[in-house]
Structures are given as C-alpha cells and as structure tokens.
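Worksheet: the structure to be examined is printed underneath.
The values are calculated or read from the model by the stated rules, or taken from the named source; none is laboratory data. Computed from a prediction, not measured in an experiment: that's the story for all the values here. Note: ideal-geometry Cβ built from the backbone for every residue, glycine included; neighbour counts use all protein chains shown.
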Amino acid sequence: MNHVELVTSTPSDFRTFMSGFPSGVAIVTSLDDAGRPWGMTCSALCSVTVEPPTLLVGMRAESPTLKAVLRSGQFAVNLLHAEGRGTAELFASGDPDRFDATTWRLPPGAGGPHLVHDAHAVADCRVSQLVPVGGQRMVFGEVIRITELSDASPLLYGRRQFSTWPA
Ligand SMILES: Cc1cc2nc3c(=O)[nH]c(=O)nc-3n(C[C@H](O)[C@H](O)[C@H](O)COP(=O)(O)O)c2cc1C
C-alpha cells in the first residue's frame, strides 16, 4: 500500500476523508402542517445513547424536510435495504414529487411516512434537541417505536458510491 501524507484540511480534503468512512443509508421522513409528506436521503445518522434511546440526524438548514420535522416535532428514520438504491437517489434529488414514485404508509402514531418497500426497519422519533452547526442542523430524536420490516441486507454508502453488504 502506498503511503500518502496530506497536511491540508480543505473542504475537499474533509469530504475525501469522510468518504473513507462508509455508512448505511436512511431516508428521514415527516409530515408538514398540511399533512404533505417530506423526506430526504441521509447518511449523517448515528446512535447517541440507549437510555433514553436516542439518535442524531444531520440535515441541511434550508431543507423542506427539516422544516416539516421541526414543525411537527417528529420524524421517522427509514433504514434502506440494498434494493432501495433508486429511492435513495430519488430522495437526494430535490424532486418535489418524490413520494409519488415510492410506496409509503402512515401507521397510527408514526413520526413520518414508512417506506415499506425500500426500508428494512423504521424508527419513529420525537425531536428532543436541536443543535445548529454551520449550515447543518443536528436533530436529536428519542426513539418511540421500532418496526422491523424485513431481514434484507442494508444499503451502504462510501467512497462516493452505493454498495451492498457482502454475502
Ligand atoms: C448517500 C447520500 C447521503 C446524504 N446524506 C445527507 C445527510 O446526512 N444530510 C443532508 O443534509 N443531506 C444529505 N444528503 C443530501 C440530501 O439527500 C439532498 O440534499 C436532498 O435533496 C435533501 O432533501 P430536501 O430537499 O427535502 O432537503 C445525502 C445524499 C446522498 C446521496
């Protein structure tokens, strides 16, 4: 393996650094005041603590999905499986009609739409804290309910591309 030393920290260096840290892929969903569904592809998702069960999602400040999350005070985190790649791309595209092209349900008490064909598990959350960092908003959510939909392999994202869990 070649040894490469970088001593700068430009935004490009930072993106390259983080591209070497693969993650799963989620779609964070919520409803606005009119009951319209919103959702965005999100890999800035991490576990914070088990008691109370809390996760963190990082969302861009101008996001209409973030606006719906903050207005309603709740959201759903849909963990995508390998077959959900097209939906991940759709929900990263800014398409205003993204929910017309995907199958979703709103079970009683849901924090946001459940993407029942593309997700292998969903966590319904209540917003517990909000922390602004630069142009992003760190949204902490207390997990109210977890729904396991299938045992399909998770979709992965790293090195600027989608991938699947090896068999
Ligand atoms: C794999 C992947 C992961 C992403 N993760 C995030 C993220 O964690 N936070 C974020 O703000 N945007 C992320 N994006 C970009 C958003 O999905 C994109 O800006 C989308 O249009 C946001 O939806 P909105 O228009 O409802 O805000 C990601 C995109 C991709 C392809």
Flagged in segment 27-49 as in a loop (DSSP other than H, G, I, E, B) and more than 10 Å from the ligand (Cβ to nearest atom), in numbering order, are Asp32, Asp33, Ala34, Gly35, Arg36
(request) Could you check, for segment 104-124, whether at least one of its residues is farther than 22 Å from Asp151 by Cβ, among the basic types (Lys, Arg) and at pLDDT 95 or above? (result) no
Sole miss for Pro52 among (1) of a type outside the set (S, T, N, Q); (2) within 14 Å of the ligand (Cβ to nearest atom); (3) surrounded by fewer than 16 Cβ atoms within 10 Å (Cβ to Cβ) is condition (2)
Listed by first then second residue, the pairs whose first member lies in segment 58-86 and is outside any strand (DSSP E or B), whose partner is of a type in the set (Lys, Arg) and within 14 Å of the ligand (Cβ to nearest atom), with beta carbons under 6 Å and at least 6 positions apart or on separate chains, are Ala61/Arg137; Leu66/Arg137
The condition of being in contact with a strand residue (DSSP E or B) (Cβ under 7 Å, 6 or more places away or on another chain) and closer than 30 Å to Pro166 by Cβ holds, among Ala61, Ala101, Ala121, Ala110, only for Ala121
- [ ] Kindly check whether there is at least one residue in segment 98-114 that is more than 15 Å from the chain's Cα centre (by Cα), on the phi > 0 side of the Ramachandran plot and loosely packed, with under 15 Cβ neighbours inside 10 Å.
- [x] yes
Residue hits (segment 134-153; in contact (Cβ under 8 Å) with a residue 40 or more places away in the chain, surrounded by fewer than 18 Cβ atoms within 10 Å (Cβ to Cβ) and within 16 Å of the ligand (Cβ to nearest atom)) are Gly135, Gln136, Met138, Phe140
